[in-house]
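**Student:** This is the structure, below, for whatever I ask next.
The values are calculated or read from the model by the stated rules, or taken from the named source; none is laboratory data. Nothing here was measured: the structure is a model prediction, and the numbers come from that model. Heads up: the accessible areas ignore ligands, DNA and RNA and are worked out on the full protein's heavy atoms, side chains in. Shrake-Rupley method; radii C 1.70, N 1.55, O 1.52, S 1.80 Å.
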Amino acid sequence: MILPALFFYLFAGVCVASAVMVIVSRNPVHSVLFLILAFVNASGLFVLMGAEFLAMILVVVYVGAVAVLFLFVIMMLDVDFAELREGFIEYLPIGLVIGGIFLAELLLVAGGWVINPGTAKSITAAIPNNISNTEALGLVLYTKYIHYFQIAGMVLLVAMIGAIVLTLRHKAKVKRQDISVQNARTPELAMAVRKVTSGQGLQDADAAEWVK
């Protein structure tokens, strides 16, 4: 029991410290790296709890895809952090008021939070011991909580569609490909034959037509 407890406090301590450094770090690249460290230690906690499938999902999906994507986007964008901090003093009072409200709500929730003794008895059917962790998770997720799972999928779908709609902007000066116009082109529209006198170029009157 000493070794699992030692690993638990090690993973939990590093995870909490990494989460704090995500917020405290001034460099966003360092924040993403601390976020990856927090995810790795959280997966270690899942392994200690016997949820190896959730641990692998956390490492493969969040560390291997989401966090790395955040890191690439932050490193590729040329963000002027000095410009972002220009209005900090102006909005500081409003931020302090909102932060105080959130802190009061968290204190009220933490002060009135009590574990219900009937929580452990709320599961109607026990999970068999002769199946793997992945199969047990699938049985619970796709049977008892199937409606919540489908609702979560619909929420994510609506969020994805909303993000695409909000970021889709058609700029007037950007030339875009029009398939119907390209398919309707004929050789007469795409090419014109001109007889040019030797030693002379095109006349200025034909310049506009050639540009068109």
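Conditions tested, residue by residue: (1) open to solvent by 40 Å² or more (accessible area, probe 1.4 Å); (2) over 30 Å from residue 141 (Cα atoms); (3) part of a helix (DSSP H, G or I).
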{"site": "20", "(1), (2), (3)": "yes, yes, yes"}
{"site": "35", "(1), (2), (3)": "yes, no, yes"}
{"site": "58", "(1), (2), (3)": "no, no, yes"}
{"site": "61", "(1), (2), (3)": "yes, no, yes"}
{"site": "69", "(1), (2), (3)": "yes, no, yes"}
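**Student:** Further question on the same structure: Please go through (1) at pLDDT 85 or above; (2) under 27 Å from the mean Cα position of the chain (by Cα); (3) within 30 Å of residue 40 (Cα to Cα) for residue 98 and return the number of the only condition it doesn't satisfy.
**Tutor:** (3)
**Student:** Same structure again: In segment 37-56, what residues are open to solvent by 30 Å² or more (accessible area, probe 1.4 Å) and farther than 18 Å from residue 137 by Cα?
**Tutor:** 37, 39, 40
**Student:** Evaluate the following for residue 182: is it part of a helix (DSSP H, G or I) and among the polar types (S, T, N, Q)?
**Tutor:** Against the criterion (part of a helix (DSSP H, G or I) and among the polar types (S, T, N, Q)), residue 182 qualifies.
**Student:** Could you tell me which residue of segment 135-150 is nearest to the chain's Cα centre (by Cα), considering only residues that are open to solvent by 100 Å² or more (accessible area, probe 1.4 Å) and not polar (S, T, N, Q)? Steps first, answer last, please.
**Tutor:** Step one: list which residues in segment 135-150 are open to solvent by 100 Å² or more (accessible area, probe 1.4 Å), which gives 142, 147-148, 150.
Imposing the further condition that a residue be not polar (S, T, N, Q) reduces the set to 142, 147-148.
Numbers: 142: 25, 147: 24, 148: 21 Å.
So, considering only residues that are open to solvent by 100 Å² or more (accessible area, probe 1.4 Å) and not polar (S, T, N, Q), the one nearest to the chain's Cα centre (by Cα) is 148.
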